[in-house]
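To keep things clear, I will list the structure first and then write my remarks on it.
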Amino acid sequence: MVKQLLSGNEAIAQGAWEAGCHIGTAYPGTPSTETMETFAKLPDVYAEWCPNEKVALEVAMGASAAGARVLVTMKHVGVNVCADPLFTAAYTGVNGGVVILAADDPGMFSSQNEQDSRYYAMASQVPMLEPADSSEALRFTKDAYELSESFDTPVMLRSTVRISHTKTPVETGERTDVAVKPYESNAAKWVMMPAFAKPRRKDLVKRIDSLKKWVETCPYNTVEQGDSSIGIICAGSVYQHVKEACSTASIFKLGVTWPLPSQALHEFAESVEKVYVVEEASVYLSDAVKACGVVLDEFETPLPPDGEVHPENIRASLGLSLPEHREAATDVPGRPPALCPGCPHRLIFKELSRLKAIVTGDIGCYTLGALPPLNGIDTCLDMGASVSMAHGFELALKGTDHRPVVAVIGDSTFAHSGLSSLVNTVYNKGVGTVCILDNRTTAMTGQQGNPFNGVTLQDRDSRELDLPGILQALGVDQVTEVDSYDMKAVRKALKEATLHDELDVIIFKRACVLLDKSPKPTMFVNGDCTGCGVCKTLGCPAISCDPETGISAIDPTLCIGCNQCVQYCAFGAIEMREGGAN
Amino acid sequence: MTQSHVYTILLCGVGGQGTITAADLLARVATAAGLDCKISEIHGMAQRGGAVTTIVRFGDSVSTMVCDKGCADNIVSFERTEALRNIEYLKTDGVLVVNDEEIKPLPVLTGKASMPARSKEHLEDLGATLIPATSIAIEAGTAKCANVVLLGALAPTLPFDMALWEDIIRANVPPKTIDTNIEAFRKGAAYTQGA
């Protein structure tokens, strides 16, 4: 069999498919997204994007109760959203196997925090598997369905960005056809009210005992007996860094990170002179190993408490030499990500900045509106928080002479959890302005479908939700729809909405530029440019200015002719290039 | 090359320049040569015009997927300032191939920062092979295959037959672009071998 290079995400999808998994549910989130996208393309499966992770897990539990095998995928912060069903799903258990991927982001490459999903496994008492490469990702996922059904529990699978987004050789196999199990009503198992939950709690306690026995000898934890002077306990991608940094050490590689194999860890600790835990961005593993009664040695030079751990950090902690290297150049300018040329969010943030509004932001590409030169966002907390935090600002500032408070949220994020926040504002007669940036897609994670663009994961028929209709039905009196590219209309809508003390919702509508990559006519700067610099305050990557004269220039390879800058030039110095598309 | 040597290649550039496509082709060559291989890439927010790096590691047995300071056998940079940003990752005797172009980041475009002075001279002092990949790509047929020109420039320093490289390119680029990509690859290789 020829091995293929698959990312961890692709391998997890393949593993679920080979296990005969019938249904996949997810909300996109880096670094998990490609898992469900890959699964959806495999034959004989049903997969859907859900508005959020709580819904995804609940759909999964319904499908499991009815007898299907289900895959649920999300990024680490998605587990917060589905924590409610997760903790009780640990009580009900499953009928068809349920595997939940939590993709963590140590180093926060594309996240707002670096929480460790293993705490959720421990807290909900759901077993957690943790692969160390794509080959294990496939095997662990495939086996997780048997595990789920034999122990009657959902199984969590943890990856990190270095597992999800690293391609390694994988041997793929065939799909095992698994029939959907019969469903029989069983209130004692599926109705979690006190009378039934109490006995299920006792069942859960028994299950934990049997999992703890199983984990001592399960095939997912492995000991590599090396030099007995040093023993390292680790898991996941960190195992690969440990192998790189200190290939001679004895290594206890955990493939199950909850529950831990207490006895096996004790035996390992006794077989070596010193025993360390190596982990990143968390103390979960060292605390859990210590809780097993294993006495750990401490590094003289501790590992970094936050961010990723790389082999060089491990070598430094072990007192091993580091390779010589050149010093990085000190005069290199930063290269932060930026809104794309033509991004419809740009003009909104320019106008909010101009309005000197207090802007509560949300999660998506538009969070980049916080960066210079737009500086258009005051807060970003979690999915949906823009709307509820704006309400909080208004409550605290009530009766004072304050700057206008404006919430900014994307279409997909609004469907995810902005709706319930807005229900709260309407219900409590809150005021302020909510801007829904409807760019017709879930842009940041790679243009996925969502309820407000009516695109589904497997391109099945859908129904695009009526955004203005929903807002009106919620009881929002002032709903305006504005073209995000029309500067005058955007300015007018924001001004009117922020002038009075009522709740206004403005829908700024214009498709994400990445949805249509066809060549467009571009702009150029004519001889009338005075070097005033207004166009560069838009922060468009296509616009530059001469450092000596201040005269602007537009890069025709980046410009898509969106016309935003033209509307800000008081001198008529920006024009569309004759002859159309570049 | 010793039997156990693991090669580490760091490809860097600006989101959207095609570093991942180039890294994938390299990884396919290594895999076709029967080697263990890992490619690590960072997706997400950085793709919006931010600085990006992709690591390809191959050898008999590859452990980590990241590249520590002083550990890259080769750096292939799609842009000059990104080469300077990543120079600490290069082995002291490593090979540096750089696309001889600059892309200004937003802080420079808005006048809040400036490009490094004499980046070209600095890179030459570091022993870099500076290659006009875009103009070579245009000669080959389209600016879009600048990434394959850079792969061509990298290829002679790696232990793979040029015929294997070309087989992999043929099998993995869109059929209509095969001739252009092969031409781009050969021109890149000729540039390094002539340098």
Calculate, in nm to one decimal, what A:S271 and A:T530 gain on full extension: separation in residues at 0.36 nm each, minus their alpha carbon distance. 85.6 nm
Of all DSSP beta bridges in the protein assembly as shown, antiparallel share, percent nearest 5: 35
Enter the per residue convex hull volume of region A:345-515, computed from alpha-carbon coordinates, in Å³ rounded to the nearest integer. 105
Which aspartates and glutamates, on any chain, are close to B:K104 with Cα under 15 Å apart, when same-chain ones fewer than 8 places away are left out? A:D331, A:D546, A:D555, B:E79, B:E82
For region B:171-179, Karplus-derived ³J(HN,Hα) couplings (6.51, -1.76, 1.60; θ = phi - 60°; whole Hz; x for glycine and proline) come out as 7, 10, 9, x, x, 5, 9, 4, 4
Sequence order, region A:440-445: Karplus ³J(HN,Hα) from phi using 6.51 cos²θ - 1.76 cosθ + 1.60, θ = phi - 60°, Hz rounded, Gly and Pro as x, gives 6, 6, 9, 6, 4, 8
Sequence-distant aspartates and glutamates (8 or more away, or on other chains) whose Cα lies within less than 20 Å of A:K41: A:E10, A:E18, A:E171, A:E174, A:D177, A:D459, A:D461
With label points built 7 Å along Cα→Cβ from the Cα atoms of A:S420 and A:T549, find their separation and express it in nm. 5.8
Could you tell me how far the Cα centroid of region B:18-96 sits from the Cα centroid of region A:506-582, in Å? 34
What are the residues whose amide H is under 5 Å from the amide H of A:A47, where those residues sit 5 or more places off or on another chain and H is modelled from the backbone? A:G24
Arrange the following residues from fewest to most other Cβ atoms within 10 Å of their Cβ: B:L158, A:L101. B:L158, A:L101
Over what distance in Å are the Cα centres of region A:43-104 and region A:220-292 separated? 30
I'd like the distance separating the alpha-carbon centroids of region A:309-358 and region A:198-214, in whole Å. 46
Quote the FRET efficiency, to the nearest 0.05, computed for B:E124 versus B:A190 with a Förster distance R0 of 25 Å and r equal to the Cβ-Cβ distance. 0.80
Residues with amide H under 5 Å of A:S159's amide H, sequence separation 5 or more or different chain, H placed in the peptide plane at 1.01 Å from N; which? A:A102, A:A103, A:D104
Stick to Cα atoms and the Kirkwood definition of Rh, then tell me Rg/Rh for chain A. 1.02
So, R0 is 41 Å and r is the distance between the beta-carbons of A:K488 and B:E102; what FRET efficiency does that work out to, to 0.05? 0.65
Under-5 Å amide H pairs with A:C21, H placed in peptide plane, nonlocal only: none
Structure-based [θ]222 nm, chain B - -39500 (n - 2.57) summed over DSSP H runs of at least 4, per residue, nearest 500: -11000 deg cm²/dmol
Could you calculate the FRET efficiency of A:Y119 with A:D306 from 1/(1 + (r/R0)^6), where r is the beta carbon distance between them and R0 is 22 Å, rounded to 0.05? 0.90
Gain in span if fully extended, A:F571 to A:K429, counting 0.36 nm per residue against the direct Cα distance: 46.6 nm
How about B:K91: which lysines have a C-alpha closer than 23 Å to its C-alpha, ignoring those fewer than 8 places off in the same chain? A:K243, B:K38, B:K69, B:K120
Could you give the nm distance between label points at B:K112 and B:R170, where each point is 7 Å from its Cα heading toward the beta carbon? 5.1
If you project the alpha carbons of region A:222-317 onto their three principal axes, what span does each projection cover, largest first, in Å? 30, 26, 24
Phi-derived 3J(HN,Hα) across region A:28-39 with the Karplus relation (6.51, -1.76, 1.60, θ = phi - 60°), rounded Hz, x for Gly and Pro, is x, x, 6, x, 9, 3, 5, 4, 6, 4, 5, 4
If the chain between A:V191 and A:D466 were fully stretched, how many nm would it gain, using 0.36 nm times the residue separation less the Cα-Cα distance? 95.6 nm
Between their Cα atoms, which of A:K495/A:K520; A:K167/A:K274; A:K356/A:K398; A:K142/A:K198; A:K142/A:K181 are more than 24 Å away from each other? A:K495/A:K520; A:K167/A:K274; A:K142/A:K198
Quick calc: nm separation of the 7 Å Cα→Cβ label points for B:E139 and A:A396 -> 6.2
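Read-outs throughout are calculated quantities, based only on the coordinates presented, and are distinct from any laboratory measurement. Being a predicted model, the structure only gives us computed values, none of them experimental. FYI the Cβ positions are ideal-geometry reconstructions off the backbone, even for glycines, and counts take in every protein chain you see.
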